[in-house]
Amino acid sequence: MRTIDIEVGIKLRQIRKHLGLGLKDVELLSNGEFTIVAVGSYERGNRSIPLNKFIELCKVYKIPPHTVLKHEQMTCQIMCEDTYV
């Protein structure tokens, strides 16, 4: 598992719970675009969420995508520096 997948997943779970939504609620609100299994996998970091799905999930949650990524900015910067320097 990649660290960024885990961090984004944790943040997505926090947002979902803050909104008072269960996994089934997300499935219903997204008209089945996001299944309980998929959302759970994204939240645990077991599955990387594709960018287009990430944006769609943010729409379901009615939040701008950058708010999820704010916390991960430092990790991304460190990972990029480590990889390319």
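The values are calculated or read from the model by the stated rules, or taken from the named source; none is laboratory data. All values derive from a computational prediction rather than experimental measurement. Here the Cβ is made from the backbone with ideal geometry for all residues, glycine too, and neighbour counts use every protein chain on show. To get the accessible areas, we keep the full protein, side chains included, count just its heavy atoms, and leave off ligands, DNA and RNA. Shrake-Rupley method; radii C 1.70, N 1.55, O 1.52, S 1.80 Å.
Entry remark, region 31-68: residues being within 18 Å of D5 (Cα to Cα), among the charged types (D, E, K, R) and outside any helix (DSSP H, G or I) number 1 in total.
Kindly check whether there is at least one residue in region 19-30 that is of a type in the set (S, T, N, Q), surrounded by 12 or more Cβ atoms within 10 Å (Cβ to Cβ), assigned to a loop (DSSP other than H, G, I, E, B) and at pLDDT below 95. No: region 19-30 contains no residue that is of a type in the set (S, T, N, Q), surrounded by 12 or more Cβ atoms within 10 Å (Cβ to Cβ), assigned to a loop (DSSP other than H, G, I, E, B) and at pLDDT below 95. The set of residues from region 31-45 being out of contact with any helix residue (DSSP H, G or I) (no Cβ under 8 Å at 6 or more places or on another chain) and either open to solvent by 50 Å² or more (accessible area, probe 1.4 Å) or modelled with pLDDT under 95 (or both) comprises N31, V37.
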